[in-house]
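Below: the structure, in structure tokens.
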Amino acid sequence: MSLSTKRILLGISGGIAAYKSADLVRRLKERGADVRVVMTTSAKEFITPLTLQALSGNPVGDSLLDPSAEAAMGHIELAKWAELIVVAPASANLIAKVAAGIADDLLTTLILASAAPLALAPAMNQQMYKAKATQDNLTRLSARGVALWGPNGGEQACGDVGPGRMQEPLELVAQAEALFGPKPLAGKTLVLTAGPTREPLDPVRYLSNHSSGKMGFAIAKAAAEMGAEVTLIAGPVNLATPVGVKRIDVSSALDMHQTALSYAPGTDLFIGCAAVADYRPVASAEHKIKKSSDTLTVEMVKNPDIISDVAALGQRPTLVVGFAAETQDVEQYARRKLERKGLDLIAANAVGNGLAFGTDDNQLTLITPTETQVLPTASKAELAKMLLENLAKQLSKKP
Ligand code: PMT
């Protein structure tokens, strides 16, 4: 009963994914949560209040101005009752209203009137999700500490393919469990690097790689949920900052090196998940390089090795963890890096087969000087948790 006695207010806004909310109520109840449902007017076009009342075992709220409902549990009382508000599905319209602080129905009023953590599970057409207005709203909400659970990508009810599918009920439940769950990294500090670096060639060009930042951001999110104080040093990526994470944006390997060395000393954990460029052009041309010859030779110089320098610090983090992305002899190369860079653990991933760079799934092998643990192929979110659970155990054994 992982959610035993937790008071969860489930908001349902209008969208085809509302049919999944019935299953979500069931799953939350199975885990011991006390669930109360509030629906918007358009949500009732997709699923009936009666279904949700039967599944939750509580009356369903749908009107701000209903005297009988107010007599039972007034909206301010309900806002105070909730320990967590989850809106699933959260439509583009609902998201826009919450971002603007509009309170024109029961659900948006409760959201504004409650001090409980708020999680939104966006669900909408992929183009609506990608629209600048929606993205701006999500960025504002995320910066305010609102948790964004999903959306997933894939085929949509309208036939489009892309991001905007509501997360499955069990995925949402897992995030609620994480929110209330044990905090094995409480009181621990984590600094991590994520994403690619850009090495400038001239004012308009750079050398980089295919890292999307997804693996590193998943670690940052999971670590914050496990109670760590997280500083995320991010190369140029197009990802929202996870709730509760301090983010510092950098561009080149030199920027990342300087930032990492100023934040890492004395921390509990340093994780180098970034795909740092090994070399940079000796000099970035002052003006745009012209197409004056058939070939172009660029002289490159080695970048400093960020993680090696962190591992060699006087105030070395308790654990220094690297990543290794390899296309062949993965474990052998990773083990060499572990030793050469003075790391406590290296997470090796094989590049290709739809894994590692830019993908949602990955496969990791955790290698320490004495042990090798092969983790299953899973989402980067799940792997992040498995990696951090391993590291939390190691930290708990340190004096
Ligand atoms: O961002 P995603 O699209 O989700 O992809 C994730 C990932 C594949 C980029 C990630 O899982 C990963 O494997 N990151 C390390 C990539 C890599 O190839 O690292 P490396 O073998 O070049 O370096 C080994 C370790 O040294 C890494 O921890 C790296 O951060 C670090 N390093 C490397 C070079 C350098 N100059 N400084 C460093 O700190």
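Counting other beta carbons within 10 Å of each residue's own, what order do 23, 329 fall into, fewest first?
Working: 23 15, 329 11.
The most exposed by this proxy come first: 329, 23.
Give me the distance between the Cα centres of the range 284-330 and the range 243-280, rounded to whole Å.
Comparing the Cα centres of the range 284-330 and the range 243-280, I get a distance of 13 Å.
List the residues whose amide H sits under 5 Å from the amide H of residue 324, counting only those 5 or more places along or on another chain, with H placed 1.01 Å from N in the peptide plane.
347, 348, 349
So what's the angle, to the nearest 10 degrees on a 0 to 90 scale, between helix 330-341 and the longest Cα principal axis of the chain?
Approximately 70 degrees, to the nearest 10.
Tell me, Kirkwood radius of the chain from alpha-carbon pair distances, in Å?
On the way: mean 1/r = 0.0437 Å⁻¹.
Averaging 1/r across every pair of different Cα atoms and inverting gives 22.9 Å.
Between residue 246 and residue 208, 0.36 nm times their residue separation minus their Cα-Cα distance comes to what? Let's see the in-between values first.
Working: separation 38, 0.36 × 38 = 13.68 nm, distance 2.41 nm.
Gain on stretching residue 246 to residue 208: 11.3 nm.
When 398, 130, 385 are ordered from fewest to most other Cβ atoms inside 10 Å of their Cβ, what list results? Display every interim value, and only then the final one.
Numbers: 398 8, 130 13, 385 21.
Final ranking by Cβ density, sparse to dense: 398, 130, 385.
As a check on your grasp of the helix formula, calculate [θ] at 222 nm for the chain: sum -39500 (n - 2.57) over DSSP H runs of n ≥ 4, divide by the residue count, round to the nearest 500. Write down the numbers at each step before the final one.
Working: 14 runs with 139 residues, N = 399.
Dividing the helical sum by the residues of the chain leaves -10000 deg cm²/dmol.
Across every pair of different alpha-carbon atoms, what Kirkwood hydrodynamic radius in Å does the range 197-321 reach? Mind showing how you got there, number by number?
Numbers: mean 1/r = 0.0630 Å⁻¹.
Value: 15.9 Å, from the Cα pair sum.
List 298, 146, 25 from most exposed to least, where exposure is judged by having the fewest other Cβ atoms within 10 Å. Before the final figure, lay out each step's value.
On the way: 298 14, 146 21, 25 26.
Starting with the residue having the fewest Cβ neighbours, the order is 298, 146, 25.
Can you grab the distance from the C-alpha centre of the range 77-122 to the C-alpha centre of the range 172-193, Å, no decimals?
23 Å
For a quick check: with amide H placed at 1.01 Å from N, whose amide H comes under 5 Å from residue 213's, ignoring anything fewer than 5 positions away on the same chain?
Here 195, 358 satisfy the definition.
Can you compute 3J(HN,Hα) from phi for each residue in the range 94-108, using the Karplus curve 6.51 cos²θ - 1.76 cosθ + 1.60 with θ = phi - 60°, rounded to whole Hz and x for Gly and Pro?
The phi angles translate into 4, 4, 4, 5, 5, 4, 8, x, 7, 10, 10, 8, 4, 5, 5 Hz.
Mind checking the dipole of the range 7-180: about its Cα centre, +1 per Lys or Arg Cβ, -1 per Asp or Glu Cβ, Debye to the nearest 20? Walk me through the numbers on the way to the answer.
Working: 15 positive and 17 negative charges, 60 e Å.
Taking the Cα centre of the range 7-180 as origin, the dipole is about 300 debye.
If r is the Cβ-Cβ distance from residue 68 to residue 161 and R0 is 35 Å, what FRET efficiency results, to the nearest 0.05? Working shown, then result.
Working: r = 45 Å, r/R0 = 1.29.
Computed FRET efficiency for residue 68 and residue 161 comes out at 0.20.
Assign unit charges at the C-beta atoms only (+1 for Lys and Arg, -1 for Asp and Glu), then state the dipole size of the range 213-372 relative to its Cα centre in Debye, rounded to the nearest 20. Please list the in-between numbers first.
Numbers: 15 positive and 19 negative charges, 77 e Å.
In debye, rounded to 20, the range 213-372 gives about 360.
Let me spell out the model: positive unit charges on the Cβ of Lys and Arg, negative unit charges on the Cβ of Asp and Glu, origin at the Cα centre of the chain. What dipole size does that give, in debye rounded to 20?
Numbers: 40 positive and 40 negative charges, 105 e Å.
Magnitude of the dipole: close to 500 debye.
Among 295, 342, 271, which residue has its Cα positioned farthest towards the positive end of the charge dipole of the range 260-364, with +1 placed on the Cβ of Lys and Arg, -1 on the Cβ of Asp and Glu, and the dipole taken about the Cα centre?
So the residue we want is 295.
Projected onto the charge dipole of the chain (+1 at Lys/Arg Cβ, -1 at Asp/Glu Cβ, origin at the Cα centre), which of 68, 283, 251 gives the Cα projection farthest towards the positive end?
In the chain, that residue is 283.
May I ask you to derive the FRET efficiency for residue 287 and residue 45 from their Cβ-Cβ distance with R0 = 56 Å, giving the value to the nearest 0.05? Don't jump to the answer; show the numbers that get you there.
Numbers: r = 59 Å, r/R0 = 1.06.
Rounded to the nearest 0.05, the efficiency is 0.40.
Choose one of 39, 180, 92: the residue whose Cα lies farthest towards the positive end of the charge dipole of the range 7-180 (beta-carbon charges +1 Lys, Arg; -1 Asp, Glu; about the Cα centre).
Going by the Cα projections, it comes out as 180.
Each reported figure results from applying straightforward, stated rules to the coordinates on display, with no laboratory input. As the structure is a prediction and not an experimental result, all values here were calculated from the model. Cβ atoms come from the backbone with ideal geometry, glycine included; neighbour counts cover every protein chain shown.
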